[in-house]
Every structure is written in structure tokens, then in C-alpha cells.
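Engineer: Following this message is one structure expressed as C-alpha cells.
Read-outs throughout are calculated quantities, based only on the coordinates presented, and are distinct from any laboratory measurement. Note that the structure is a prediction, hence the values are computed from the model and not measured. Virtual Cβ from ideal backbone geometry, glycine too; neighbours counted across all protein chains shown.
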Amino acid sequence: MSRFSSLRALFLSEAASPFKTFYRLIRSHQPYRPTMSTDIGSLRAKYNDPDDTFTEGDLISTDPYKQFKEWFEDVRKKLEFPEPNAMCLATATPQGRPSNRIVLLKKFGPEIGFQFFTNCESRKGKELEENPYASAVFYWETLHRCVRIEGPVKRVAEEEASDYFQSRPLGSQIAATISRQSEVVPSRDYLKDKYEDLEKKVEGAVALPKPEFWGGYAIDPEVFEFWQGQSNRLHDRIVFQKNGDLWDVARLAP
């Protein structure tokens, strides 16, 4: 046995626990070595058959809101979509640092845009305040369809935000009131205690006042993209680009 091996054995012996601890401390401060990467390149879903295409002739209107509603209603008929209104919302700082999250669409239409509600002091709220532009994606997996929108964002009127807030379940109102979204909290118990304290104070209430920091936003899309997947990856992409009061329609390469 080499001298190094003998010393190592001594350090790791139960009789020399201080040395053992020291050795482990040294080991714990070794340079970081990344673990083996995971290759998932073989994961590949089957989409639509080549005959099931989405062409310009399949558009029900040159108004993208009507086309969105058509696809959205198709999704609502499918029981496997409990929240077809879930959308991945992307915002960014003025420096271009992006962030995204899932929010729920609550209203949409050409007069009002695409509306969602949230804590305005959250990360997305602060980013929208500084850079009022967003993109959102709806992905409906089993239909192999996706819709992307992008455009400027504005705040929803306070009265409308208050009406929606008070239409939510009381538990949701309590949670929104006590939670300073995106702030660091000590523990889940901390939030639970705050929730239960307010729950006791408002026992018997039907609705709470909307907090000042809570409100709604509306995306006014300048771009709609309708995507339908094909198993041969020759996906269909039809984009609507706003041009004054009209919409230009074009097909994009997949």
C-alpha cells in the first residue's frame, strides 16, 4: 500500500473522524464537473397525415379573430382539454431579457384584444410596464395545432378588472390579496398562515375589494400565426399581419 493510500485510509477511518470530516470538506470543494448530458433527440411525435393539411382555402375568414374563434371552439369540444385558454405569455425587459409563463385567457375579440389578469407588481407586470409588448402561444397538442399572437399591450379598465376579480371564487380572491407575486417568501407555511388569517377575517363574505396591485392586460395583436403539424415535418404555417384596418395573409416555410 502506498503512503498516500495509507494516509487516505487513516483519514477515512472511524477512529479519525476529524480527519474524515476534513477530507470530505476538501472533496466537496473540488472543481465542478458537469454530469453526462441527456440526449432526447429520438423523441418524435406523430402529427397529422399528409392529406390532412391546412391551406389558405381552409380559412373561414380573412379576419384572424374569426379564425382563432373557429379553432378555439374546435378545442373546446375536446374533453381532453380542461383549459384550452391556457397560453404561454412572453414578456421582456427593455434590455431584451425575456421571460415567459402560463396564464389564462379570459376574453378575446377585435374590440378588446386578448385579455388576461394578474398581479401587476409581478415580474410580468413590471416588464409590461417598462416594455408594453408581448407574445403569447396557444398549443393544443392532440389537434396538432398552435396559434401565436404578438402585439402591444395595454391595461384593462379598473372597473372591468374589479368586476372580474370579484367574480372569482372567494379562495382565489384571498390568495391574490395575500400573495405578493414573484417576491421571495420564507416558506409555504408563511403563505398558508397569511391565507388563513385573511380567511378568518372575511368569513361569510361573498367578495373582496380588488387589491390596487391586481389588474388586467389586453394584447392587441399585430400578428397571428396559425400552425398545424404534419408528420413529415412539412408543417402548415399561415400568418396574418396587420396592415391598417386590413390583414395581409401569407404562408411561411416550416
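Engineer: Please give every one of the lysines within straight-line cross-link reach of LYS201, meaning a C-alpha to C-alpha distance under 25 Å, and leave out same-chain neighbours fewer than 8 residues apart.
Structural biologist: Output for LYS201: LYS192, LYS210.
Engineer: If the elastic network links every pair of Cα atoms under 10 Å, which of VAL103, VAL156, VAL202 fluctuates the most in the Gaussian network model of the chain?
Structural biologist: Comparing VAL103, VAL156, VAL202 in the GNM, the peak value goes to VAL202.
Engineer: When a/c is below 1.5 the answer is rounded, else prolate if a/b is larger than b/c, else oblate, so apply that to segment 26-126 with a ≥ b ≥ c taken from the square roots of the Cα gyration tensor eigenvalues.
Structural biologist: The shape class here is oblate.
Engineer: GNM, the chain, Cα, under 10 Å: largest mean-square fluctuation among ARG155, ARG76, ARG237?
Structural biologist: ARG76
Engineer: Another one. Roughly speaking, what is the centre-to-centre gap between segment 57-127 and segment 193-227 when only Cα atoms are used, to the nearest Å?
Structural biologist: 17
Engineer: By a straight-distance test (C-alpha under 23 Å), which lysines pair with LYS77 as possible cross-link partners, with residues fewer than eight away in the same chain excluded?
Structural biologist: LYS46, LYS66, LYS69, LYS106, LYS107
Engineer: In addition: Let me know the shape class of segment 98-244, please: from the alpha-carbon gyration tensor, a ≥ b ≥ c as square roots of the eigenvalues, rounded when a/c is under 1.5, otherwise prolate if a/b is greater than b/c, or oblate.
Structural biologist: Here segment 98-244 falls in the prolate category.
Engineer: What is the sum of charges, Lys and Arg at +1 and Asp and Glu at -1, for the other residues whose Cβ falls under 11 Å from the Cβ of ILE112?
Structural biologist: Around ILE112, the charge tally is 0.
Engineer: Order of MET36, MET87 from fewest to most other C-beta atoms within 10 Å? Please report the intermediate quantities before stating the final value.
Structural biologist: Values: MET36 5, MET87 24.
Placing the least packed residue first, the sequence is MET36, MET87.
Engineer: Same structure again: Can you tell me the dipole magnitude for the chain around its Cα centre, using point charges on the Cβ only (Lys, Arg +1; Asp, Glu -1), in Debye to the nearest 20? Spell out each step's value before the answer.
Structural biologist: On the way: 36 positive and 38 negative charges, 370 e Å.
Charge dipole, the chain, about its Cα centre: 1780 debye, nearest 20.
Engineer: Among PHE213, PRO186, LEU246, which residue has its Cα furthest toward the positive end of the charge dipole of segment 170-254, with +1 on Lys/Arg Cβ and -1 on Asp/Glu Cβ?
Structural biologist: Among PHE213, PRO186, LEU246, the one farthest towards the positive end of the dipole of segment 170-254 is PRO186.
Engineer: Next up: Could you work out the relative contact order of segment 70-117, using alpha carbon pairs under 8 angstrom and six or more residues apart, expressed as a whole percent?
Structural biologist: 24
Engineer: Rounded to the nearest 500 deg cm²/dmol, what is the calculated helix-only ellipticity per residue at 222 nm for the chain, with -39500 (n - 2.57) per DSSP H run of length n ≥ 4?
Structural biologist: Calculated mean residue ellipticity at 222 nm is -9000 deg cm²/dmol.
Engineer: Sequence gap at least 6, Cα distance under 8 Å: using those rules, report the relative contact order of the chain to the nearest whole percent.
Structural biologist: 20
Engineer: Follow-up question, since we're still on this one. For ARG145, ARG168, ARG44, which order do you get if you count the other beta carbons within 10 Å of each Cβ and list the fewest first?
Structural biologist: ARG44, ARG168, ARG145
Engineer: Fewest Cβ neighbours within 10 Å first, please rank VAL239, VAL153 accordingly.
Structural biologist: Exposure proxy ranking, most exposed first: VAL239, VAL153.
Engineer: Mean-square fluctuation check for the chain, GNM, Cα pairs under 10 Å: which of ALA136, ALA175, ALA205 is largest?
Structural biologist: With Cα springs under 10 Å in the chain, the top fluctuation among ALA136, ALA175, ALA205 is at ALA205.
Engineer: Shape verdict for the chain, please, from the Cα gyration tensor: rounded (a/c under 1.5), prolate (a/b greater than b/c) or oblate.
Structural biologist: Here the chain falls in the oblate category.
Engineer: Below 11 angstrom from the Cβ of CYS88, what's the summed charge of the other residues (Lys, Arg +1; Asp, Glu -1)?
Structural biologist: Surrounding charge for CYS88 is +2.
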